[in-house]
Ligand SMILES: [Fe+2]
């Protein structure tokens with residue numbers, strides 16, 4: 001096995017999975033998923049460890065999905081047949097490896113061999129690997145229901161070394177995710193979440209700017225970890241993310257690139273799109289070389 005010093009670590013990713021329409025509607029977010037798929041094939045990725053916003057565990061626990069291949073999956077609404085038939089390459093061995101690393105670091109971690117896989121993983125996966133037969137082995141981590149950002153940062157830090165073994169760390173959630181404010185009729189009646197029918201409000205603009213700056217104006221390393229954890233104390237955090245479970249997978253992904261060993265690497269904006277007026281699907285890559293333009297997109301936001 002190569003040592004840490006003589007191999008290049010993989011980047012880590014935060015993806016927003018958006019509404020269920022993201023299964024079928026192309027957006028800058030789905031373009032980012034496709035780029036991750038291309039990157040994974042180019043780098044010879046051997047596995048993926050997701051943190052899933054839709055799986056929350058109580059007290060101080062974290063669970064790791066250790067299903068055999070083709071676990072149960074749960075979607076909401078209008079799933080095309082070809083996606084229902086998608087088989088998930090879940091891998092108990094990879095799960096056990098993550099479990100042992102987390103236990104060793106003091107986490108109250110346990111394996112869950114009967115976990116149900118949700119749309120937060122299935123949506124990006126279906127764009128990254130349109131043919132499920134080419135998908136590498138995978139596992140999922142739960143979000144902890146106490147919503148402590150430093151807990152999720154540490155999970156990423158503990159699993160960081162997997163990056164040297166061609167294991168991708170991906171958090172799947174959302175940048176602004178407030179189901180109390182979204183315009184539900186866009187999806188329920190019009191079945192199109194992309195058109196804007198209300199202006200973006202000031203609080204959302206401010207939070208978006210703070211989020212993007214925290215990621216792209218910090219290099220990878222401990223400063224990145226501190227910056228993204230501080231976002232939970234942003235004056236508009238609760239208005240943007242009244243339940244933080246969709247935000248914490250971003251902290252996990254940043255945690256994978258928040259060591260002193262990551263100094264000199266940078267992070268990048270991966271594009272975004274708004275849905276149902278108030279939901280912001282933000283995407284980021286962490287821990288790339290300064291001259292790596294493969295994920296570069298212009299910030300052509302509406303704000
Ligand atoms: Fe979600």
With R₀ set to 22 angstrom, the calculated FRET efficiency between the beta-carbons of residue 290 and residue 105, to the nearest 0.05, is 0.15
Among beta bridges assigned by DSSP with both residues in the chain, the antiparallel ones amount in percent, to the nearest 5, to 30
Suppose each label sits 7 Å from its Cα in the direction of the beta carbon; what would the residue 213-residue 31 distance come out to in nanometres?
2.6
Mind running the shape call on the chain? Use the C-alpha gyration tensor, a ≥ b ≥ c as the square roots of the eigenvalues: rounded below 1.5 for a/c, prolate if a/b tops b/c, oblate otherwise.
rounded
A correct fewest-to-most ranking of 21, 126, 196 by other Cβ atoms within 10 Å would be 196, 21, 126
Pairs of Cα atoms under 8 Å, at least six residues apart: use those to get the relative contact order of the chain, whole percent.
29
At a 10 angstrom cut-off on C-beta neighbours, averaged per residue, how do the peptides 279-288, 239-248, 47-56, 175-184 rank from highest to lowest?
279-288, 47-56, 239-248, 175-184
Okay, helix-only estimate at 222 nm for the chain: each DSSP H run of n ≥ 4 adds -39500 (n - 2.57), divide by all residues, round to 500 deg cm²/dmol; what do you get?
-9000 deg cm²/dmol
Distance (nanometres) between label positions extended 7 Å along Cα→Cβ at residue 148 and residue 302:
3.8
Restricting to the stretch 58-197, compute how many DSSP beta bridges are antiparallel as a %, nearest 5.
10
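Bear in mind these aren't lab numbers, they're just calculated from the coordinates by the rules spelled out. Note that the coordinates shown come from a computational prediction; the quantities given were computed from them, not determined experimentally. FYI the Cβ positions are ideal-geometry reconstructions off the backbone, even for glycines, and counts take in every protein chain you see.
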